[in-house]
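Step one of this worksheet: look at the structure below.
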């Protein structure tokens, strides 16, 4: 007998069907046993009548979370028992036969509740059960819908998704890299990417013109509230464009995504307003102001572009200049001659644009420096000598000099965007297998010990003590 | 003036337009200078007439691979110059104005040729130029189309794409893991995933029922011809199914993909024929036979399912039993009692199915062991004691015991599939930023040295010498 999904049961009213799923709730009233069953599509109430002897025998052993296949008849509910706003509130399954497909231990926590008050370590250790919560099921399935929508949107606009390497080289100017010892070249290490920044620019050098990727990124940062050591970034880059073109493309995709998949959301203002960094700091004292007019409305979304950031800032440690956002960014065109002449350094503005949503930075990007001499000058202003520039960035300078078109792009912090869209307080609620704030996965036991043999093969040793 | 893509030029015949792109070829005939220009959409011939003085001055400096913006008039070609089968073979751009957007060094190799005869290290070092070859552009753009098609196909069938972690725990039974030292827990290591096998089964325990993912996988294997340390796998898993259901779902997606995106391909036989492992070995002497009838036809695709593999095989080293494919697979139902009683071990057949294409294994999967006692028995047959089973697989056994439905799935070796579809001799031709056979990335210089400071922070040390 073909399995019917629970959401489709009403189409089979009066007929015998087979469903598969979990025991959600059991209410044993002696002669009658009531169940709620659930599958990925929804829930339905079932009842074992006293005359269904075999079903009664099996049914009295069932516990919540057991996995069952149930044959039964779809009956309309009597008028007084109809629950209007509930899926299958007007039908009931008269259970004729139950087959136990798998038993289940009692969950370590209540799966019906919200779950946010439960100790995080415990939730993540039993994540396979924690993920059965309706709220998390919704978050993860909506995340899929958003991923697919964005992919199709960029593809329709001529962008190609291109995968870039995970085993890569160190990024000397970024945050701290995770590194991976090489066995074939003992003493050498790969680095895991903090972002595909260099690869996407190299793809522009290759002539692909319009690239995007949902990229997996990793940063070995100190634990800080709502950070994860790995995260997902919607990464895009395009050639022969100016700042307004990249901003317009991303604005189009993100607004259309919300209108399509979150029609209940109220976007405060479109087109998205643009504010300079100077104005944001003067008016709000922060570079990612929350401009919502009604912060009590959970459906209010206030987007804001922030532009015209200073290119350079003073490095507290070295007292020299460092970049404020991204060394690969170009200056605004009217500041190119200042850059090349290394003058008015504090006044040079970058083409950087940040996208702010309800006071969170959810994305950022820039038009890049496609002139190798100009990029080299950025590093000179930062105090690098020629040898260091060539060693760390030689491949990028050669690529820019090989026939690279003007280009620019953007990256969205995808976990944070999903968190805001789902009204969640932290990104762990929108990541299937999240880690603790300390970067641990208590379910898999990662990070963990490795065998001495492995370390020996890699030519590394753990330094004992402090 | 709005940029027109080169493929759309014929719609602007007689008009002035602006294009952007690369100098592909230059033929200077003194008074007339001819160019082929290219962008991501195609090529067009342009000519500078003697009266266009400024354009002539700029044009005489242009070299191949320079990036330009060109204003010109789209003229029909005289009848005798029309090239019928070529894009824009019936038009020519009369160049009025040229703006140089970026200069270009001379490429280290000919970009017009196939490129396969060039030293691999050189090609990969200058990959941003190598990728400009029409063949590689086609491969990478087609790869995008296939990725998108497969994603939409699984999504339409109710599957959700769910991202699983990259920083994970070691897989004691698989190939060699890449490991990542933890800074926050010195002396402990993450492992990079060889496949999301455990996570996708845990998602079935979570009740998601239909999962897929284009998963990035990494294995630290010895260099062997056509291997890459990182690769892409189309990974899927579904609940409440039998072997025939998973095979049918994958067969539907892959055949539809080829009919839609590769209509020129000739699929030898559908539905895909099924052969037992025993029959394959007897008839062909291999477990992935190439059953093509006409191996000279580059468009011939001969799919074959191979089934009924022995579950266990003798481990050459330990002389004990080991699994032939995947320890998480279930036996065929008629062998479950043999498994539970640990008898007739050499005769137990697994639910494993391999998908073979033109003699290459492009995918494989199985129905999993969803009964924790049965999975435990597999490890007992392999000689593991209770403590080792709990330490390595405790989380999986607990998950299976928490209410996990029957489930099964499959993974496709995506790089290999793309290689065959594109008629390429190795997977490096379908991976944008491939590594050498020795796992090196000569462009980024990976793997490479890291700073002593980094190693100190991680609490590890390089062991010198041998």
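Structural remarks
- Label distances, nm, residue B:2 versus same residue in remaining copies, Cβ-directed 7 Å point: 4.8
- Summarising the label geometry, the points placed 7 Å from Cα in the beta-carbon direction at residue A:387 and residue A:297 lie 6.2 nm from one another.
- 222 nm mean residue ellipticity, helices alone, for the protein assembly as shown (DSSP H n ≥ 4; -39,500 (n - 2.57); rounded to 500): -7500 deg cm²/dmol
- Shown for residue B:90: label points 7 Å from Cα along the beta-carbon vector, and their distances to the equivalent points in the other copies, 6.0 nm in ascending order.
- Pairs of alpha carbons in the protein assembly as shown whose separation is greater than 36 Å (percent): 56
- Pairwise label distance in nanometres, residue A:278 with residue A:252, each label 7 Å out on the Cα-Cβ vector: 3.2
- Fewest-first ranking of A:305, A:412, using other Cβ atoms within 10 Å as the exposure measure: A:305, A:412
- At an R0 of 35 angstrom, the distance between the Cβ atoms of residue A:63 and residue B:374 translates into a FRET efficiency of 0.95.
- Stretch gain in nm, segment residue B:145-residue B:341, where the contour uses 0.36 nm per residue and the Cα spacing is subtracted: 65.7 nm
- Estimated inter-spin distance, residue B:2 and residue A:175, nm [label 7 Å along Cα→Cβ]: 4.1
- Taking N as the residue count of region A:151-246, its C-alpha radius of gyration divided by 2.2 N^0.38 Å amounts to 1.23.
- Ordered by the number of other Cβ atoms lying within 10 Å of each residue's own Cβ, fewest first, B:246, A:122, B:70 fall into the sequence A:122, B:246, B:70.
- Comment: the Cα-to-Cβ extended label point of residue A:342, at 7 Å, lies 7.5 nm from its counterparts in the other copies, nearest first.
- Helix axis angle, B:372-381 relative to chain B longest principal axis, alpha carbon, degrees: 80
- Whole-angstrom Cα spans of region B:6-102 along principal axes, big to small: 31, 27, 22
- As a rough footprinting exposure proxy, the listed residues A:211, B:384 were ranked by other beta carbons within 10 Å of their own, and the order from fewest upward is B:384, A:211.
- Amide N proximity, region B:236-261 versus residue A:99 label position 7 Å along Cα-to-Cβ, cut-off under 15 Å: B:240-245
- The distance separating the Cα centre of region B:1-74 from that of region B:93-127 comes to 17 Å.
- For region B:6-102, the share of DSSP beta bridges that are antiparallel, to the nearest 5, is 95%.
- Amide N of region A:96-111 lying under 19 Å from the label point, which is placed 7 angstrom from the Cα of residue A:81 along Cα→Cβ: A:96-98
- Chain B - Kirkwood radius from inverse mean 1/r over Cα pairs (Å): 26.1
- Among beta bridges identified by DSSP and lying wholly in the protein assembly as shown, the antiparallel ones come to about 90 percent.
- Between the helical axis of B:386-400 and the longest alpha-carbon principal axis of chain B there is an angle of about 70 degrees.
- Enclosed volume per residue, in Å³, of the convex hull spanned by Cα atoms of region B:327-455: 207
- Part-to-part distance (alpha-carbon centres) for region A:178-216 and region B:336-384, which is given in Å: 37
- Segment residue B:244-residue B:51, length gained on full extension (0.36 nm per residue, minus Cα span): 62.3 nm
- Rounded to 10°, Cα long-axis angle of helix B:243-261 versus longest principal axis of chain B: 10
- DSSP beta bridge pairing in region B:1-60, given as percent antiparallel to the nearest 5: 95
Every number here is computed from the coordinates shown, using simple stated rules; none is lab data. Bear in mind that the values here come from a model prediction, so they are computed numbers and not experimental data. Backbone-built Cβ (ideal geometry, glycine too); neighbour counts: all protein chains shown.
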